[in-house]
Amino acid sequence: MSDTLTDLGRRALLPAGLRDILPPNAGNEARLIEALMARLAAHGYERVKPPLIEFETSLLEGPGAVTSDRLFRLMDPMSQRMMGVRADMTVQVARIASTRLKNAGRPLRLCYAGEVLRTVASQLNPEREVVQVGAELIGSPTAEADAEIILVAVEALKAVGVGGLSLDLMVPTLVPAVLAGLAAPAEDIARLRAAVDRKDMAAVEELAGAARPVLTRLLEASGRKDAALAMLAGLDLPDEARAALDRLTQVTDRVAAVEPTLAITLDPVENRGFEYHTGIAFSLFARGVRGEMGRGGRYRPNGDETGTATGFTLYMERVLQALPSPTPRPRVYVPYGTSRDEAAALRAAGRATVQGLEPAVDPVAEARRLECSHVWLEGRAEPVDAEQGTRDTP
Amino acid sequence: MTPPVNTFVNTFVNSPVASNEKLILALPKGRILSAIAPILRRAEIEPEDAFFDADSRQLQFATGDPNVDIIRVRSFDTATFLAFGAAHLAVSGSDVLMEFDHPEIYAPVNLDVGHCHLAVAAPAEVAANEDPQRWSHLRVATKYPNVTRRYFAARGVQAECIKLNGALELAPNLGLCRRIVDLVQTGGTLRANGLVEIDRIAEVSARLAVNRTALKTRPEPMNDLIGRFREAARAA
């Protein structure tokens, strides 16, 4: 007995952070991905499908650099070069845009969906395989582009039924621009940075020197957009920081004009996890989801010093948490010998049919055993009620 | 003029989490509680009496603020509850926050209580007879494997950490390892066990830490509480 158990366990065990997705979740996930992709396609974003594995050097370019410490690597026996399993798809889409689609008209709109793998899992994020859906808008530096990518993400999430959406907007370049003006040793700047990242007001007050009024105001301004914008309006900033802040205001106004009921917060000091962004960045949250459902922002594409792009990535595991379980499609058990036309009519009416492959003594019990919601009896689909069924069949 | 009905709709849709859902504040068990109690009182979230009863088996407590409940957990678990969003706010030592350095956690207020520091210590004769420049690999007993590994890695030294949960000062004398990384308050325990401090890693004090998602999705009540803690800590 215990040998069988051990054997079963040995065969069922998967490596840490990997899992089988069973019915109905696998089907739900696939439908969710298709519904999101349909929205992106409707806005002119065309689907691309990069390979799961490619050369390590191309995966680590531009926005991919941050994935270096979580990339699965393997040696290609054909080229004798190191390959990596993608840990993020943005870098692959950026590569396609800058190589094969170099001559396609700009701005270029591309979208994608697929699995990514990472070597490290944490207690907080134990999955090592996650599914991403995303879009990239390449080649337009405008505030309209920043707003479009956010609005498309918001629209797609609302379309699939995510409720209680909340958008957090940030400019990861703002604090570095403020700190660049400080004549302080690198070590002090690093400590100040760490304090700002943790929103540690007391430490910022102690370390900020000449930047103290600006940095404390930026920290205090984090919150709902109207109050935040009011606090940020009169700040005395270096030119580069001023430009970053003006862009934040423009994008906030554009998004709010289209989505007046969307909850919008601003965080002018956020930077951790957004280090590769060169402009407006954002996170998306929803009621009932413990972390962010997606994020995005402006970045510099691979090997292109003057290029600019913006995009977003949605994490399917998190989006699924925000959605109620969908009503399952009715499954009708069709006993052995039923005509093919009758079964086809059921399918045409949107039901799934489960064909009996041999005569069953009790079709109702057989339907229940195969987890069907209905059974086809005398030309009608009768619901299979588990409790009632046991009482009716003595 | 906006018609009142729209105002209502906007307010409703704008709160992603129902405003009546309670905020959970995680507090660490142990001696630090008595230092935190006056701050809680000044911040108007004084816990119900059962909270201070060490024999109580209750784990979640009401407070003077009807929107805030308190949970009492082990000091290292405050950061875990917080990172997962199971607690929205926590009082955590900066040592714990350093160990679980995570972008999901902000630490906006230094409560300025529970002062001590994190230090590397070793038996006096070891400390006297060695040249840290020559270290390449060390075995260190600690409650803080991440902090320890980072500290030694920054000095080009590979530290093999032995995770212990207490009585660290015993480890060097019983041959488990030669060095420890631990919290030091007065240095009395180190001296009593023949150990001396080799280096100070960081100053430690209690912080109010908050969950990122909670701050972003419920900014008003979260910022209000952060402000109250800030005032309460200043008034000390």
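Being under 16 Å from A:Leu266 (Cβ atoms), within 12 Å of chain B (Cβ to nearest Cβ) and under 28 Å from the mean Cα position of the chain (by Cα) is the filter here; which residues of the stretch A:170-225 pass it?
A:Met170, A:Val196, A:Lys199, A:Leu219, A:Ala221, A:Ser222, A:Gly223, A:Arg224, A:Lys225
For A:Leu192, which of the numbered conditions (1) at negative phi; (2) touching a residue at least 24 places away in the same chain (Cβ under 8 Å) fails to hold?
With (1) at negative phi; (2) touching a residue at least 24 places away in the same chain (Cβ under 8 Å) applied to A:Leu192, the lone miss is (2).
Looking at A:Glu270 and the list (1) on the phi > 0 side of the Ramachandran plot; (2) within 10 Å of chain B (Cβ to nearest Cβ), which single condition is not satisfied?
(1)
Got a number for residues in the stretch A:10-52 being without any contact (Cβ under 8 Å) to a residue 12 or more places away in the chain and either in contact with a Ser or Thr (Cβ under 9 Å, 6 or more places away or on another chain) or among the aliphatic types (A, V, I, L, M) (or both)?
Matching residues across the stretch A:10-52 total 9.
I'm told B:Thr80 meets every condition in (1) over 27 Å from A:Thr216 (Cβ atoms); (2) within 14 Å of chain A (Cβ to nearest Cβ); (3) outside any helix (DSSP H, G or I); (4) hydroxyl-bearing (Ser, Thr, Tyr) except one. Can you identify the failing condition by its number?
(3)
Taking only the stretch A:77-122 into account, find how many residues are in a loop (DSSP other than H, G, I, E, B), under 29 Å from A:Ala143 (Cα atoms), within 18 Å of the chain's Cα centre (by Cα) and not hydrophobic (A, V, I, L, M, F, W, C).
Summing the residues that are in a loop (DSSP other than H, G, I, E, B), under 29 Å from A:Ala143 (Cα atoms), within 18 Å of the chain's Cα centre (by Cα) and not hydrophobic (A, V, I, L, M, F, W, C) in the stretch A:77-122 gives 1.
Tell me, which residue of the stretch A:151-169 that is part of a loop (DSSP other than H, G, I, E, B) and more than 14 Å from chain B (Cβ to nearest Cβ) is surrounded by the most Cβ atoms within 10 Å (Cβ to Cβ)? Steps first, answer last, please.
As a first pass, look at the stretch A:151-169 and keep what is part of a loop (DSSP other than H, G, I, E, B): A:160-164.
This time we only want the ones that are more than 14 Å from chain B (Cβ to nearest Cβ), so: A:160-161.
On the way: A:Val160: 19, A:Gly161: 13.
The extreme case among them is A:Val160.
Report, by residue number, each residue of the stretch A:227-257 that is more than 24 Å from A:Thr310 (Cβ to Cβ) and in a helix (DSSP H, G or I).
Keep residues of the stretch A:227-257 that are more than 24 Å from A:Thr310 (Cβ to Cβ), which gives A:227, A:230-231, A:233-236.
Once the filter is applied, which keeps residues that are more than 24 Å from A:Thr310 (Cβ to Cβ) and in a helix (DSSP H, G or I), the stretch A:227-257 yields A:Ala227, A:Ala230, A:Met231, A:Ala233.
Looking at (1) out of contact with any Leu (no Cβ under 8 Å at 6 or more places or on another chain); (2) within 22 Å of A:Arg300 (Cα to Cα), which one does A:Leu248 not meet, given that it meets all the others?
Unmet condition: (1).
Just to be sure I understand, how many residues within the stretch B:203-236 are within 30 Å of B:Thr186 (Cα to Cα) and either without any contact (Cβ under 8 Å) to a residue 60 or more places away in the chain or basic (Lys, Arg) (or both)? Before you say what the answer is, go through the steps one by one.
Step one: list which residues in the stretch B:203-236 are within 30 Å of B:Thr186 (Cα to Cα), which gives B:203-210, B:229-236.
Now restrict to residues that are either without any contact (Cβ under 8 Å) to a residue 60 or more places away in the chain or basic (Lys, Arg) (or both): B:207, B:230, B:234.
Residues meeting the conditions: 3.
Which condition from (1) modelled with pLDDT of 95 or more; (2) more than 25 Å from B:Gly175 (Cβ to Cβ); (3) of a type in the set (Gly, Ala, Ser) is the one that B:Ala119 breaks?
Every condition holds for B:Ala119 apart from (2).
From the list A:Gly234, A:Gly223, A:Gly181, which residue is on the phi > 0 side of the Ramachandran plot and assigned by TED's automatic domain parsing to the domain that holds A:Ser166? Can you show your working first?
Values: A:Gly234 fails: on the phi > 0 side of the Ramachandran plot; A:Gly181 fails: on the phi > 0 side of the Ramachandran plot.
Residue meeting the stated conditions: A:Gly223.
Go through the stretch B:194-236 and give me each residue that's surrounded by 16 or more Cβ atoms within 10 Å (Cβ to Cβ), among the charged types (D, E, K, R) and either part of a helix (DSSP H, G or I) or at positive phi (or both).
B:Arg212, B:Lys216, B:Arg228, B:Arg230, listed by residue number.
Quick one: in the stretch A:123-148, which of the residues that are assigned to a strand (DSSP E or B) and over 15 Å from the mean Cα position of the chain (by Cα) is farthest from the other protein chains (Cβ to nearest Cβ)? Steps first, please.
Taking the stretch A:123-148 as the starting set, the residues that turn out to be assigned to a strand (DSSP E or B) are A:129-138.
Among the residues that remain, those that are also over 15 Å from the mean Cα position of the chain (by Cα) are: A:137-138.
Working: A:Leu137: 24, A:Ile138: 27 Å.
The qualifying residue farthest from the other protein chains (Cβ to nearest Cβ) is A:Ile138.
Residues are listed down the side, and each one gets a yes or a no for (1) within 21 Å of the chain's Cα centre (by Cα); (2) surrounded by fewer than 20 Cβ atoms within 10 Å (Cβ to Cβ); (3) within 30 Å of B:Ala233 (Cα to Cα); (4) among the aliphatic types (A, V, I, L, M):
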site: B:Ile70; (1), (2), (3), (4): yes, no, yes, yes
site: B:Gly85; (1), (2), (3), (4): yes, yes, yes, no
site: B:His88; (1), (2), (3), (4): yes, no, yes, no
site: B:Pro108; (1), (2), (3), (4): yes, no, yes, no
site: B:Val113; (1), (2), (3), (4): yes, yes, yes, yes
site: B:Trp135; (1), (2), (3), (4): no, yes, no, no
site: B:Tyr144; (1), (2), (3), (4): yes, no, yes, no
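What are the residues in the stretch A:216-260 that are among the polar types (S, T, N, Q) and at pLDDT below 95, if any? Quick ask: steps written out before the conclusion?
Here is the first cut: in the stretch A:216-260, the ones among the polar types (S, T, N, Q) are A:216, A:222, A:249-250, A:252.
A:Thr216, A:Ser222, listed by residue number.
Each row is one residue, and each column tells you yes or no for (1) β-branched (Val, Ile, Thr); (2) away from chain A (no Cβ under 14 Å); (3) not in a strand (DSSP E or B).
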{"site": "B:His102", "(1), (2), (3)": "no, no, yes"}
{"site": "B:Ala107", "(1), (2), (3)": "no, no, no"}
{"site": "B:Asp112", "(1), (2), (3)": "no, no, yes"}
{"site": "B:His117", "(1), (2), (3)": "no, yes, no"}
{"site": "B:Leu138", "(1), (2), (3)": "no, yes, no"}
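Given the conditions (1) away from every other protein chain (no Cβ under 14 Å); (2) surrounded by 16 or more Cβ atoms within 10 Å (Cβ to Cβ); (3) assigned to a strand (DSSP E or B), and given that B:Thr189 satisfies all but one, which numbered condition is not satisfied?
Tallying (1) away from every other protein chain (no Cβ under 14 Å); (2) surrounded by 16 or more Cβ atoms within 10 Å (Cβ to Cβ); (3) assigned to a strand (DSSP E or B), B:Thr189 fails exactly one: (3).
Inside the stretch A:202-232, can you point out the residues that are touching a residue at least 12 places away in the same chain (Cβ under 8 Å) and among the small types (Gly, Ala, Ser)?
Listed by number, the residues that qualify are A:Ala203, A:Ala208, A:Gly209, A:Ala210, A:Ala211, A:Ala221, A:Ser222, A:Gly223, A:Ala228.
Does B:Ser56 satisfy the condition of being surrounded by fewer than 14 Cβ atoms within 10 Å (Cβ to Cβ), away from chain A (no Cβ under 14 Å), under 28 Å from B:Glu21 (Cα atoms) and among the hydroxyl-bearing types (Ser, Thr, Tyr)?
yes
Going through the stretch B:19-43 one residue at a time, which ones are assigned to a loop (DSSP other than H, G, I, E, B) and surrounded by 14 or more Cβ atoms within 10 Å (Cβ to Cβ)? Walk me through it before giving the result.
Going residue by residue through the stretch B:19-43, those that are assigned to a loop (DSSP other than H, G, I, E, B) are B:19-22, B:29-31, B:43.
Those that are assigned to a loop (DSSP other than H, G, I, E, B) and surrounded by 14 or more Cβ atoms within 10 Å (Cβ to Cβ): B:Lys22, B:Ala43.
When the stretch B:25-34 is examined, which residues are found to be of a type outside the set (D, E, K, R) and over 17 Å from B:Ala107 (Cβ atoms)?
Residues of the stretch B:25-34 of a type outside the set (D, E, K, R): B:25-28, B:30, B:32-34.
Across the stretch B:25-34, the qualifying residues are B:Gly30, B:Leu33, B:Ser34.
Can you tell me which residues in the stretch A:265-294 are surrounded by fewer than 20 Cβ atoms within 10 Å (Cβ to Cβ) and in a strand (DSSP E or B)?
Result: A:Thr278, single match.
Name the pairs whose Cβ atoms lie under 8 Å apart, with the first residue in the stretch B:146-163 and under 19 Å from B:Arg134 (Cβ atoms), the second among the basic types (Lys, Arg) and not in a strand (DSSP E or B), and 6 or more positions between them or separate chains?
Going by the 8 Å Cβ cut-off, the qualifying pairs are B:Ala159/B:Arg149.
Name the residue that is nearest to the other protein chains (Cβ to nearest Cβ), counting only residues in the stretch A:281-317 that are more than 26 Å from A:Lys102 (Cβ to Cβ) and among the hydroxyl-bearing types (Ser, Thr, Tyr).
So, considering only residues that are more than 26 Å from A:Lys102 (Cβ to Cβ) and among the hydroxyl-bearing types (Ser, Thr, Tyr), the one nearest to the other protein chains (Cβ to nearest Cβ) is A:Ser283.
For A:Ala203, state whether it is in contact with a helix residue (DSSP H, G or I) (Cβ under 9 Å, 6 or more places away or on another chain) and modelled with pLDDT under 90.
Values: in contact with a helix residue (DSSP H, G or I) (Cβ under 9 Å, 6 or more places away or on another chain): yes; modelled with pLDDT under 90: yes.
Yes: the conditions hold for A:Ala203.
The values are calculated or read from the model by the stated rules, or taken from the named source; none is laboratory data. None of these values were measured; they are calculated from a predicted model. Here Cβ is always computed from backbone atoms with ideal geometry, including for glycine, and neighbour counts include all displayed protein chains.
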